[in-house]
Amino acid sequence: MPVDRQDLEARIAAARSDDTVRGLVFNALFSVVREVAGEEVARACDPAGKASRVEFFSYPVTDFLALAAAVADRIGGRLGGEQQAFFRIGHRAGGMVLDSMVGKTMLALSEAGGARQLLANVPSAYKGAVSYGERRLEWTGERQARVTFRRELLAPPFHCGVFTAVLERVGAKDIRTQARQTGALDAECELAWEAP
């Protein structure tokens, strides 16, 4: 689904004052901007002018959404569109979570169970990254799953990026992720992959 300004404005309007996202997700966004357009553009996109946040602090999701919209406008053309920009930010966020102490613990605990075990931990990992919404994982095949999002404020392509990063980390091949919006703030993400 395309990500557009109207969709983002609706998400911002639906957010409550206590809906937050961790600084790590902001830093994933700044990391992508630095990679694509350089430090100067990363700082210019940030209203605070720092292009960084404290990873474990929580910040208003409305700030992230406004920043993400500005970033998608700035670098979307270089990445193939806004949808690809959101995918890339989600992919970087997923990788950064897995590189954190919590992520390394999740990887170690799921080593024997591979992709299935790691994906089973994703709903709780989301709870550590954002303060809102619900996520539910269901298996639709041996190497297929569906994640259902309720009251989700981040755009669906972001989540496709997160899941791609998670599956790549356990060596999955031929990864396919497809998200569709099922309501104003509800979505489903279909995942499929091949064994390493």
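For the structure I just gave you, tell me whether SER110 is open to solvent by less than 40 Å² (accessible area, probe 1.4 Å) and hydroxyl-bearing (Ser, Thr, Tyr).
Details: open to solvent by less than 40 Å² (accessible area, probe 1.4 Å): yes; hydroxyl-bearing (Ser, Thr, Tyr): yes.
In short, yes.
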I'd like to know if the stretch 149-172 contains one or more residues that are open to solvent by 10 Å² or more (accessible area, probe 1.4 Å), of a type in the set (Lys, Arg), part of a strand (DSSP E or B) and within 18 Å of PHE87 (Cα to Cα). no
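State the number of residues belonging to the stretch 13-35 that are within 18 Å of the chain's Cα centre (by Cα) and either of a type in the set (D, E, K, R) or within 21 Å of GLY81 (Cα to Cα) (or both).
13
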Condition first: touching a residue at least 12 places away in the same chain (Cβ under 8 Å), part of a helix (DSSP H, G or I) and either open to solvent by 20 Å² or more (accessible area, probe 1.4 Å) or among the basic types (Lys, Arg) (or both). Now tell me which residues in the stretch 64-83 satisfy that. ALA66, ALA70, ARG74, ARG78, LEU79, GLU82, GLN83
Condition first: within 15 Å of the chain's Cα centre (by Cα), without any contact (Cβ under 8 Å) to a residue 60 or more places away in the chain and open to solvent by 50 Å² or more (accessible area, probe 1.4 Å). Now tell me which residues in the stretch 173-192 satisfy that. GLN178, GLU190
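The values are calculated or read from the model by the stated rules, or taken from the named source; none is laboratory data. Predicted, not measured: the structure shown is a model, and the values here were computed from it. Every residue, glycine among them, receives a Cβ derived from its backbone with ideal geometry; neighbour counts consider all protein chains shown. SASA here: full protein model, heavy atoms, side chains in, ligands and nucleic acids out. Shrake-Rupley method; radii C 1.70, N 1.55, O 1.52, S 1.80 Å.
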